[in-house]
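The values are calculated or read from the model by the stated rules, or taken from the named source; none is laboratory data. The structure presented is a predicted model; accordingly, all values stated were derived computationally and were not measured. With ideal geometry, Cβ positions are generated from the backbone for all residues, glycine too; neighbour counts draw on all protein chains shown. Accessible surface areas use protein heavy atoms only, side chains included; no ligands, DNA or RNA. Shrake-Rupley method; radii C 1.70, N 1.55, O 1.52, S 1.80 Å.
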Amino acid sequence: MELRHLRYFLSIVRIGSFTRAADELCITQPTLSHQIRQLEEQLGCELLDRSARRVRLTNAGEIFSEYANRAIKEVENGKSAIQEFQGLRLGTLSFGVISSFINSLLPPVLSKFQAEYPGIQIKVLELPTGELERQVREGELSFGLAYGPAASGEHMQWEELFREELAFIISPANPLAKLTSIDFELIAQTPLALLTREYISRRIIDAVFLEKISTPKLAIEMNSIDAILKMVSSSTQLGAIQAPRLTHGNDQLISIPIFPAVVRSAGIVTRQGINLSPAARIVIDMMRKNFLDNHFSLKPKPFSHTTTRVLR
């Protein structure tokens with residue numbers, strides 16, 4: 001039995017399909033099927049029920065999957081220990097971020113880390129919050145940078161790094177550009193370009209509209225913040241609801257404060273019971289410092305309930 005058998009098996013369990021798992025693993029389906037048959041022959045039992053449309057675990061598979069997950073996590077812990085022993089001269093680090101951070105807040109951190117630790121190879125995945133949390137929980141990523149706190153209960157740990165207010169983003173050519181602030185009643189009358197519902201930012205916005213007993217005038221749903229901002233910048237009617245930092249340096253967009261303010265919490269998601277590698281700890285420390293340097297607060301002052309809505 002080899003590690004690849006365990007990784008292949010766990011990929012099928014997570015995805016529920018040999019075909020899609022093979023695509024994700026970049027191998028052919030016959031090869032994947034053969035590897036799983038090898039694993040089942042070594043264990044002397046079937047792990048997967050292939051009779052249904054979606055592949056499911058057998059009773060034996062349910063038992064084995066817990067041990068397979070544990071084995072993969074222990075190997076990752078071992079890699080982290082070796083990385084620490086090597087003094088950050090060699091190694092790898094994989095973590096996830098949500099889309100609103102990857103262009104605006106992450107580049108200076110990664111540039112600094114790469115300059116100081118060139119032997120560490122970094123892999124960063126841009127993911128919706130739910131998928132990011134799943135991959136952290138299952139040990140595929142060391143940690144995640146997302147809005148939160150984490151929704152996975154006892155399996156996850158959450159460290160708040162900062163809070164930020166959302167703003168109404170429009171083109172300077174939009175008739176609303178003269179406003180110095182805007183409320184959700186007026187926003188509800190504006191055609192909006194919003195993220196799709198798998199993003200926590202969209203759920204935050206929907207929750208505020210629900211609280212205001214109003215419905216957004218949804219014009220476009222997209223799963224890319226960059227695409228949304230480009231659409232808004234080229235329109236005299238569309239608006240978006242995003243962090244105002246995303247408009248910095250872009251003279252085709254302006255941000256209008258929302259009143260009462262809507263504040264969201266951003267932070268680090270990790271698995272409980274896992275020791276972060278030295279590389280992960282250093283990257284997170286660099287993130288903390290970068291956010292402080294950009295005037296974010298690690299210990300934000302309390303917000304007045306009369307003027308601010310804090311969504312976590």
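Some values worked out for this structure:
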| quantity | calculated |
| --- | --- |
| Tally, over region 235-259, of residues that are outside any strand (DSSP E or B), open to solvent by less than 70 Å² (accessible area, probe 1.4 Å) and under 20 Å from Ser104 (Cα atoms) | 7 |
| Positions within region 148-204 being among the small types (Gly, Ala, Ser), buried (at least 20 other Cβ atoms within 10 Å of the Cβ) and closer than 19 Å to Glu126 by Cα, in sequence order | Gly148, Ala150, Ser201 |
| Which listed residue is assigned to a helix (DSSP H, G or I), more than 9 Å from the chain's Cα centre (by Cα) and closer than 23 Å to Gly267 by Cβ, from Lys123, Lys112 | Lys112 |
| Residues within region 205-234 that are touching a strand residue (DSSP E or B) at 6+ places or on another chain (Cβ under 6 Å), part of a helix (DSSP H, G or I) and open to solvent by 20 Å² or more (accessible area, probe 1.4 Å), tallied | 1 |
| So Ser80, is it of a type outside the set (A, V, I, L, M), farther than 30 Å from Ser224 by Cβ, surrounded by 13 or more Cβ atoms within 10 Å (Cβ to Cβ) and under 24 Å from the mean Cα position of the chain (by Cα) | yes |
| Any hit, region 112-120, residues being surrounded by 14 or more Cβ atoms within 10 Å (Cβ to Cβ), farther than 14 Å from Tyr199 by Cβ and hydrophobic (A, V, I, L, M, F, W, C) | yes |
| From the options Gln252, Gln242, residue that is modelled with pLDDT of 90 or more and within 18 Å of the chain's Cα centre (by Cα) | Gln242 |
| Filter result (among the basic types (Lys, Arg) and closer than 28 Å to Gln272 by Cα) within region 43-72 | Arg56, Arg70 |
| Given (1) part of a strand (DSSP E or B); (2) in contact with a Lys or Arg (Cβ under 9 Å, 6 or more places away or on another chain); (3) modelled with pLDDT of 90 or more, index of the condition Ala266 fails | (3) |
| Residue tally, condition open to solvent by 90 Å² or more (accessible area, probe 1.4 Å) and within 12 Å of Gly61 (Cα to Cα), over region 27-51 | 1 |
| Residue ID - farthest from Ser65 (Cα to Cα), chosen from residues in region 2-26 that are free of Cβ contacts under 8 Å to residues at least 12 places away in the same chain and open to solvent by less than 50 Å² (accessible area, probe 1.4 Å) | Ala22 |
| Restricting region 65-107 to residues that are hydrophobic (A, V, I, L, M, F, W, C) and modelled with pLDDT of 85 or more, the residue that is farthest from Glu138 (Cα to Cα) | Leu106 |
| Yes/no for Ala60 being under 26 Å from Gln121 (Cβ atoms), over 23 Å from the mean Cα position of the chain (by Cα) and part of a helix (DSSP H, G or I) | no |
| Matching residues in region 168-209 - criterion: being over 17 Å from the mean Cα position of the chain (by Cα) and charged (D, E, K, R) | Lys178, Asp183, Glu185, Asp206 |
| Filter pass, Leu141 being in a loop (DSSP other than H, G, I, E, B), touching a residue at least 24 places away in the same chain (Cβ under 8 Å) and more than 30 Å from Ile258 (Cα to Cα) | yes |
| Residue count, region 206-238 (criterion: of a type in the set (A, V, I, L, M), in contact (Cβ under 8 Å) with a residue 40 or more places away in the chain and within 20 Å of Leu253 (Cβ to Cβ)) | 4 |
| Residue in region 90-99 that is part of a strand (DSSP E or B) and open to solvent by 30 Å² or more (accessible area, probe 1.4 Å) present | yes |
